[in-house]
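A quick write-up on the structure given underneath.
The values are calculated or read from the model by the stated rules, or taken from the named source; none is laboratory data. Note that the coordinates shown come from a computational prediction; the quantities given were computed from them, not determined experimentally. Here the Cβ positions follow ideal geometry from the backbone for every residue, glycine too, while neighbour counts run over all protein chains shown. Each accessible area value is taken on the protein alone, full model and side chains, heavy atoms only, with ligands, DNA and RNA left out. Shrake-Rupley method; radii C 1.70, N 1.55, O 1.52, S 1.80 Å.
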Amino acid sequence: MQTSCVSVNVGAGKSEKAEDLQITEPAEPFVKKSDSLSDRLWTSKETGNTISYLSECTLKSDPSLESLQTDYISVLKNSEIIQSKIIQYNQREGIRFQSKGTLDGILVKFESLIFKKNNCNYTLTYGGREKGFEKEKSFFEKFLK
């Protein structure tokens, strides 16, 4: 299965990727893949599900978390936010949500966390076909920690 990364438009101004991030890569069966839309992307060899993160840093724009969430799900057809809540993450307020819809005609589901820190917007995402979504969700929970 091929999945797509969702890119969020942060408005006017050129954005750059965040630097000097400290992450722990997801464990097997996830393997690192090249992707031009996200900072990093890992795909499961077993299901095709993905874990990714995207950073966009700019001094020109400061969109709300809700606006970033709306932009995020706009790439899905028949999109629906299943659940959404404001949380604390990395000493910042973030919005964590599940969404579903169709992408290239395939029913998909995403678990996402969006937060802002030091003039950067971060989107961390786990996603895949709705049918096999729960199977590897625990890898995303570990990735968030």
Return yes or no: is K85 in contact (Cβ under 8 Å) with a residue 12 or more places away in the chain and more than 18 Å from F140 (Cα to Cα)?
-> no
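Considering each residue of the range 42-59, count those that are open to solvent by 20 Å² or more (accessible area, probe 1.4 Å) and more than 17 Å from V108 (Cα to Cα), and give that number. Give the derivation first.
Just the residues of the range 42-59 that are open to solvent by 20 Å² or more (accessible area, probe 1.4 Å), to begin with: 43, 45-47, 53, 56-57, 59.
With more than 17 Å from V108 (Cα to Cα) added as a condition, the list becomes 45, 53, 56-57, 59.
Final tally of qualifying residues: 5.
Test F140 against the stated conditions and say whether it is buried (at least 19 other Cβ atoms within 10 Å of the Cβ), closer than 25 Å to E19 by Cβ and either touching a Gly at 6+ places or on another chain (Cβ under 8 Å) or small (G, A, S) (or both). If you could, list the steps in order and put the result at the bottom.
Values: buried (at least 19 other Cβ atoms within 10 Å of the Cβ): yes; closer than 25 Å to E19 by Cβ: yes; either touching a Gly at 6+ places or on another chain (Cβ under 8 Å) or small (G, A, S) (or both): no.
Taking the combined requirement at face value, the residue does not satisfy it.
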Has the range 62-77 got at least one residue that is in a strand (DSSP E or B), among the aromatic types (F, W, Y) and within 19 Å of F143 (Cβ to Cβ)?
-> no
Log entry, pairs with first residue in the range 117-145 being in contact (Cβ under 8 Å) with a residue 60 or more places away in the chain and under 20 Å from Q69 (Cα atoms), second being open to solvent by 20 Å² or more (accessible area, probe 1.4 Å) and aromatic (F, W, Y), beta carbons closer than 7 Å, six or more apart or on different chains, reads Y122/Y53; T123/Y53; L124/Y53
Among residues of the range 99-110 being buried (at least 17 other Cβ atoms within 10 Å of the Cβ) and not aromatic (F, W, Y), the residue nearest to S67 (Cα to Cα) is S99
